[in-house]
Amino acid sequence: MAQNIDKELADGLRGLAEGSLLMLVAYIVFLGLAWLAGFWMFMPFYMPMHMREVPYEVSYPRLIALVVMLVFLVIAIYGLVSKIQPGLASLGRWRQDLSGLVPLAVWGLAFGYVLLGVFALLTVLQLPGRFIALWLSFILGVMGYIGLGITALKLGTYLGSGVFTLGGAFALISSLIPVFAPITWLVLYIEASGQAYRVAQGGLKS
């Protein structure tokens with residue numbers, strides 16, 4: 001029985017670590033593509049002549065922003081659904097009180113990111129409703145990061161980990177100040193990876 005409990009803990013931590021890494025990669029890719037897109041948009045003399053006939057200052061920046069956003073969203077949502085969701089579900093089986101936080105953390109963030117993509121698409125097409133999508137995205141993102149933060153704080157208590165507690169604090173801050181989100185995922189990746197290794201080696205007893 002104890003081995004099954006430790007397996008749930010190890011699987012949960014491993015899923016959280018892998019998902020956090022994908023989220024971190026998503027932010028790095030987003031920043032990198034955004035930098036390249038900005039550089040490209042300020043170099044119109046590299047564009048073919050037939051492309052310059054389009055109102056460049058209006059159409060192309062929005063189109064590039066949409067592509068960058070979509071790449072970010074694909075990586076982020078994949079990490080949430082394929083890695084973090086099963087990881088947190090395993091942690092919920094390890095500690096029952098964590099199970100109720102899974103929908104809040106995973107689906108709050110996932111649907112928040114989807115609505116962020118809807119906002120980007122509506123903005124590019126100049127359609128109404130984009131600010132409603134952005135507002136709903138923000139609300140769901142707040143809920144998601146609060147759920148993630150509480151989960152990390154509880155893990156910090158259960159595992160005696162100050163780093164998980166720090167990650168939980170950053171997640172709660174990220175719910176209102178999204179610029180801290182990459183730091184949140186970096187901290188969670190580092191600690192979840194380390195704790196998963198300790199559990200796999202039998203160095204942590206739940």
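The values are calculated or read from the model by the stated rules, or taken from the named source; none is laboratory data. Model, not experiment: these values are computed from the prediction. Protein only, heavy atoms only, side chains kept; ligands, DNA and RNA dropped before computing areas. Shrake-Rupley method; radii C 1.70, N 1.55, O 1.52, S 1.80 Å.
Below, the figures for the structure above:
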item	result
Rounded percent of accessible protein surface that carbon and sulfur make up, region 115-189, 1.4 Å probe	83
At 0.890 mPa s and 25 °C, Stokes D of region 113-201 from Kirkwood alpha-carbon radius, µm² per second	173
5 Å-binned pair-distance histogram of region 109-156 (Cα, whole percent)	6, 25, 22, 16, 12, 8, 6, 4, 2, 0
Solution diffusion estimate, µm²/s, Stokes-Einstein, region 52-153, Kirkwood Rh from C-alpha pairs, 37 °C, viscosity 0.692 mPa s	221
Rel. contact order, % - alpha carbon contacts under 8 angstrom, at least six apart, region 136-199	29
Length added when fully stretched, ILE139-LEU66, from 0.36 nm per residue minus Cα-Cα	24.2 nm
Per residue value of the accessible surface for region 130-182 (all protein chains in place, 1.4 Å probe), Å²	47
Region 159-206 shape via C-alpha gyration tensor axes, a/c threshold 1.5	prolate
